[in-house]
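> Mind having a look at this structure? Questions to follow.
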Amino acid sequence: MATMKDPAQVDPRRNPIGRGTPGPIGDSLSAHVAGNGAQVVVRRTRRRKTGVAAFWEEGRAVIAVPARMSVEDEQYWVPHMVSRLEADSRAKAGGRRRRVPPSDAALLQRCEFLSASYLGSRAVPESVRWVSNQTGRWGSATNAHKSIRISHHVQGMPEWVVDYVLLHELAHLIHPNHSAAFWAELACYPHLKRAEAFLEGASFASARNIQGMGTDVDGDTPDGGPPDGGPPGQLF
């Protein structure tokens, strides 16, 4: 007889969001409680199409999920996101910033997490790597080969900025251009505007010592664009 797995232990990529028991729209209290004893609120809205977000609100942990997320998926994502939220809080309390380790393997693992969290695991890169010859863009993606390249200048930036660059390129594996549908994929990322402002400021500063760094995350054409090495400051 096959042993039934605890729903909280099931890999969500094998149990796509939307299959299972429908959850209630609006706010509902989760059976899961945060480590400090605070209540956990599950907020389902039809406006959120993909992705899961976590934040503190009036002393309670709020996990924002798409309306189509099932109760079974909730059993995985709620404790998972509460754990991340608490880790972020501990890091901030200690005056530390969590960093994405500078390895290609770590980048690929991070992309898998981000794709599952915000894109319903629809973006699956074949390779993700740091590159040192990318001075005209922060990141780039080649849709045909499902590959992502991240400039070494991004290393050491706050995790939420690195996550945005990775998520931006992941979204290009679904939408190769900067269409409205592309930006809709990123709308649920909670640090979107903040990360864009950070990169804009970094671009302004880098113009004084890193020649050629542009203000956009990438400059890809639908087929991935030409290789790096164009005129300084030019984005393809």
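> Run the 1.4 Å probe and let me know the accessible area of M157, rounded to the nearest 10 Å².
M157 has an accessible surface of roughly 20 Å² with all protein chains in place.
> With the crude spin-label approximation of a point 7 Å out along Cα→Cβ, what separation in nm comes out for T45 versus E57?
0.7
> Could I ask something else about it? Taking only protein heavy atoms and a 1.4 Å probe, what accessible area per residue, in Å², does the stretch 59-198 have with all protein chains in place?
Result: 42 Å² of accessible area for each residue.
> Also, I was wondering about something else. How long is the gain from K193 to Q155 if the chain were fully straight, where each residue apart is worth 0.36 nm and the alpha carbon distance is subtracted?
Roughly 11.7 nm would be gained on extension.
The values are calculated or read from the model by the stated rules, or taken from the named source; none is laboratory data. Only a predicted model underlies this, so the values are computations on that prediction, with no experimental measurement involved. A quick note on method: Cβ atoms are made from the backbone with ideal geometry, for glycine too, and the neighbour counts reach across all protein chains shown. The accessibility values were calculated without ligands, DNA or RNA, using every heavy atom of the protein model including side chains. Shrake-Rupley method; radii C 1.70, N 1.55, O 1.52, S 1.80 Å.
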